[in-house]
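Just below is one structure, and these are the notes that go with it.
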Amino acid sequence: MNDILRQPVTDASAWGPADLERDRSWDVELGAEHREELERGLKAVRQKGLDVARMTAQDFPTGPALRQLATRMVQDCRDGRGFIVIRGFPVQDHSADDVRLMYWGLAQQLGTCVSQDKHAALVADVIDRGQKKEPLTRAYGSKKESKLHVDLSDIVGLLCVRQALSSPPSVLGSSMAVYNAFVEEHPEWLERLYEGYPWDRFGEQASWEQPTTARIPIFSHADGQVSCRYNRNWITGAAVRMERPFSDDETAMFDFFDAAARKNSISLQLRPGDMYFASNYTVLHGKAAHEDEPDVEDVKRLLLRVWINVPGFRRFSDEPTVRYGLTGHGNIGWTGDELLGGHNLKPGHTRQLCREDDGIAA
């Protein structure tokens, strides 16, 4: 059993919408010097003929502007509100492949970037593929609402390349404000939240792996830091697969979580070139439902997503479970060089989910 913190979180990560309106320092515009350095990095990578899987942080040269920005990004996600919004990324007059390379080059300055889905995507295209969301399937990028949740890495980054006509807002919420709501209104549920629940792997596990995880604490506490791991769809999927339906009390608990998350969230209009990076331990993310352009690949709404693990990012009550218990299955959680080496294709290989020599923290 984790050491349960029964007092509210009081640092900057426990915010509400009014706090963000009073201080908008989380909303940053790139300057000409940032874009020039991104263009120089792209040119260097193109000259070497590299793709995303073969490209390292050292292959993408950065100047003082991008290095300072990368430091700010990690600090804001780790020590501040838990997220940063950055606008003005150069997506106009560039192919989607060039945008991916620049985005990947920036992301690699933060830490170890890992694969995200059954296709081993390192930069995932969040785009509507017409896939229906069923209880035991994973379907990101669809037109339907995506409720507030976390992803499986330390930091998630999302860059808008093309937006739908209806411009559905992205949503960010403070999971630490949700924690405070439980402390203040429903402390009787804390023990159950700390015990956690298995998550389903939606069939993306390897043949030698289990279809569900061990219990993952929804909240955990270590050395004064609370971490949140919550995705109701993945938790529900495991309950369906294991034929263990939630009790009425558990359903009420999850409903309270979702309501508190909505209350402590903000909506963001992401235009092409806008992006955010957010901690998956203190911030929840999602989006509204939307209608898109006609079914044409180079017209439809497209966002690019990266998953990043950062050395020394946080203290954990049980790091193998809380930090890595969700990530290591199937084609998920591998670095580019591990994928090139075929480590994902047979048992016996260990993922280097966070390498101490990656990113600005090195």
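Total lysine pairs in the range 17-345 at Cα distances under 13 Å, for residues eight or more apart or on different chains: 10. Compute the Cα gyration tensor for the range 194-248, then decide on rounded, prolate or oblate, letting a ≥ b ≥ c be the square roots of its eigenvalues: rounded whenever a/c is under 1.5, prolate when a/b is larger than b/c in the other cases, and oblate in all that remain. Since a/c reaches 1.5 but b/c is at least a/b, the shape of the range 194-248 is classed as oblate.
Taking only the Cα atoms of the chain, how large is their convex hull per residue, in Å³? Write down the numbers at each step before the final one.
Values: hull volume 49.2 nm³, N = 362.
Per residue, the Cα convex hull of the chain comes to 136 Å³.
Applying both filters, DSSP loop and at most 11 other Cβ atoms within 10 Å, to the chymotrypsin sites (Phe, Trp or Tyr not before Pro) of the range 161-238 gives TRP208.
Structure remark: mean-square fluctuation, Gaussian network model of the chain, C-alpha springs under 10 Å; the largest value among LYS118, LYS43, LYS346 belongs to LYS346.
Given the range 1-65, report the % of alpha carbon pairs whose separation exceeds 18 Å.
The answer is 63 percent, as a whole percent.
Could you compute the net charge surrounding PHE313? Neighbours are other residues with a C-beta less than 11 Å from the C-beta of PHE313; K and R count +1, D and E count -1. Summing Lys/Arg as +1 and Asp/Glu as -1 gives +1.
Between amide H atoms placed 1.01 Å from N, distances below 5 Å from LEU148 occur with no residue 5 or more places distant or on a separate chain. The GluC sites (Glu not before Pro) of the range 198-272 that DSSP puts in a loop, and whose beta carbon has at most 11 other beta carbons within 10 Å, are GLU243. Using the rule -39500 (n - 2.57) for each DSSP H run of four or more residues, divided by the residues of the chain, the 222 nm mean residue ellipticity is -8500 deg cm²/dmol.
Each Lys or Arg adds one and each Asp or Glu takes one away; over the other residues whose Cβ falls under 12 Å from the Cβ of LEU340, this sums to -2.
Compute the normalised compactness of the range 211-324: alpha-carbon radius of gyration over 2.2 N^0.38 Å, N being the residue count. Before the final figure, lay out the partial values.
Numbers: Rg = 17.3 Å, N = 114, 2.2 N^0.38 = 13.3 Å.
Cα-based Rg divided by the globular estimate yields 1.30.
For a paramagnetic label modelled on ASP51 (point 7 Å from Cα along Cα→Cβ), amide N atoms under 20 Å away belong, within the range 304-336, to 304-307, 331-336.
Computed from the coordinates by the stated procedures, all read-outs in this text should not be read as laboratory data. All of these numbers come straight from a predicted model, not from anything done at the bench. Positions of Cβ are generated from backbone atoms using ideal geometry, with glycine treated the same way; all protein chains shown enter the neighbour counts.
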